[in-house]
Amino acid sequence: MNNSDRERLEREAAVFKALGHASRLLIVRRLAVDSHNVSELTHLVGADVSTVSRHLSVLKQAGIVGSSKHGSAVNYSLRVPCVLEFLDCVDRVLASAGR
């Protein structure tokens, strides 16, 4: 395996790692509908601001979400909408397996 293949696989693994938490999946699904700020997502997730901010940081570092500043608020949005197709596929597989 050459270096570019390894780097690609590492980036892919980072995306899967970022999606490996239920709260992050909830955030991703909500951001697919509309952009939100940390405060709105805090209410959705039911966690404190610092926890949600850490989740958003992991998702942003993996390239799944992006942010834009509007005045003093930072809004987050989904940058990779195709991830929803993958999540829907996973849901179908789990449903057919009776899980």
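Looking only at segment 74-96, count every residue that is more than 17 Å from residue 55 (Cα to Cα) and either free of Cβ contacts under 8 Å to residues at least 12 places away in the same chain or in contact with a Ser or Thr (Cβ under 8 Å, 6 or more places away or on another chain) (or both) and tell me the total. Walk me through how you get there before you give the answer.
Restricting attention to segment 74-96, the residues satisfying the condition of being more than 17 Å from residue 55 (Cα to Cα) are 81-82, 84-96.
From what is left, the residues that are either free of Cβ contacts under 8 Å to residues at least 12 places away in the same chain or in contact with a Ser or Thr (Cβ under 8 Å, 6 or more places away or on another chain) (or both) are 82, 85-86, 88-96.
Summing the residues that are more than 17 Å from residue 55 (Cα to Cα) and either free of Cβ contacts under 8 Å to residues at least 12 places away in the same chain or in contact with a Ser or Thr (Cβ under 8 Å, 6 or more places away or on another chain) (or both) in segment 74-96 gives 12.
Checking the structure you have, find out if any residue of segment 19-31 is assigned to a helix (DSSP H, G or I), out of contact with any strand residue (DSSP E or B) (no Cβ under 6 Å at 6 or more places or on another chain) and β-branched (Val, Ile, Thr).
First pass over segment 19-31, keeping only residues assigned to a helix (DSSP H, G or I): 22-31.
Cutting the leftovers down to out of contact with any strand residue (DSSP E or B) (no Cβ under 6 Å at 6 or more places or on another chain) gives us 22-30.
Still in the running and β-branched (Val, Ile, Thr): 27-28.
Yes, that holds for at least one residue.
Which of the residues that make up segment 46-84 are more than 13 Å from the chain's Cα centre (by Cα) and either outside any helix (DSSP H, G or I) or closer than 15 Å to residue 16 by Cα (or both)? Quick ask: steps written out before the conclusion?
In the first step, residues of segment 46-84 are kept if they are more than 13 Å from the chain's Cα centre (by Cα); the result is 46-51, 68-75.
Across segment 46-84, the qualifying residues are 46, 47, 48, 68, 69, 70, 71, 72, 73, 74, 75.
Restricting to segment 63-87, name every residue that is exposed (fewer than 10 other Cβ atoms within 10 Å of the Cβ) and either touching a helix residue (DSSP H, G or I) at 6+ places or on another chain (Cβ under 8 Å) or under 16 Å from residue 25 (Cα atoms) (or both).
Passing the criteria: 82, 85.
Could you please find all residues in segment 12-24 being surrounded by 16 or more Cβ atoms within 10 Å (Cβ to Cβ) and out of contact with any Phe, Trp or Tyr (no Cβ under 9 Å at 6 or more places or on another chain)? Please lay out each step first, then the result.
As a first pass, look at segment 12-24 and keep what is surrounded by 16 or more Cβ atoms within 10 Å (Cβ to Cβ): 15, 18-19, 23-24.
Passing the criteria: 15, 18, 23, 24.
Give the number of residues within segment 23-53 that are aliphatic (A, V, I, L, M) and within 18 Å of residue 82 (Cα to Cα). Show your work before the answer.
Narrowing segment 23-53 to residues aliphatic (A, V, I, L, M): 25-28, 31-33, 38, 41, 44-45, 47, 49, 52.
Still in the list and also within 18 Å of residue 82 (Cα to Cα): 25-28, 31-33.
The qualifying residues number 7.
Here, each number is a calculation from the coordinates, and none is a lab measurement. Source: prediction; values computed, not measured. A quick note on method: Cβ atoms are made from the backbone with ideal geometry, for glycine too, and the neighbour counts reach across all protein chains shown.
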